[in-house]
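Trainee: Provided herewith is a single structure, encoded as structure tokens, for subsequent inquiry.
The values are calculated or read from the model by the stated rules, or taken from the named source; none is laboratory data. Because the structure is predicted, anything quoted here is derived from the model rather than measured. For neighbour counting, all protein chains shown are included, and Cβ atoms are generated from backbone atoms with ideal geometry for every residue, glycine included. Remember, those area values only see protein heavy atoms, side chains included, never the ligands or the DNA or RNA. Shrake-Rupley method; radii C 1.70, N 1.55, O 1.52, S 1.80 Å.
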Amino acid sequence: MAYLVTALGCLIAVAGVVIAVVALVKARSRPRPPTPGDPFRDRDADALRGDPRRLRPGDIVEIRQVPYTVRGSVHLVEGGWSWAEHLLDDAGGVKRWLSVEADPDVELVLWTAEPSATVTPGAPTLDIAGRRYTWNESGQARYTATGGTGLDPRGTMRYHDYQASGGARLSFEAYGEAGWEVALGEKLHRAEVMIYPQGGPEQVS
């Protein structure tokens, strides 16, 4: 009788262990809840027009019905903030930059270099091309460059940004030890930009 009681106790213990193991396996295999994202993100626009946050060298970008090729990309980080700038080249060899920021909505600005500009940054307001710009922000960021940007693969960039009415922008940037580069920018509407990824599915993963 004692043997029967002992054997029954062992069987109950083994069954308990098996049940615990099965429960643990099920708990580990249960799908995790998705990471919360931006509930206001315009996913329809991303699906129809492409996601500008995933631009890479080689992609085609159509801006106001003018097609450009992404020659190179610069990804910048300052503290907990990051953004990207993409060098564009059209069929005529005209080069412009497209900056992409999420604040939290995506902000797109098309930049044109002003190599003949004589203004320098630092003043609260600056006049250029018949428009007055007001200082907005300045700082220094770390960058990583890919593709044909003409920059070192990694380094630092200093900047001063100014704004004017109507979405006009003025930017001063200095990469590494180089001097200031001046550019004028136009804020774009999302509907003015169409993206054609060229790298296949892995390009936009």
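Trainee: Tell me the strands (runs of 3 or more DSSP E) entirely within segment 88-205 that contain at least 1 residues that are farther than 20 Å from V74 by Cβ and open to solvent by 80 Å² or more (accessible area, probe 1.4 Å).
Mentor: 125-128, 131-147, 193-196
Trainee: Take segment 44-84 and flag every residue that is in a loop (DSSP other than H, G, I, E, B) and more than 19 Å from T149 (Cα to Cα).
Mentor: Scanning segment 44-84 gives G50, D51, R64, Q65, G79, G80.
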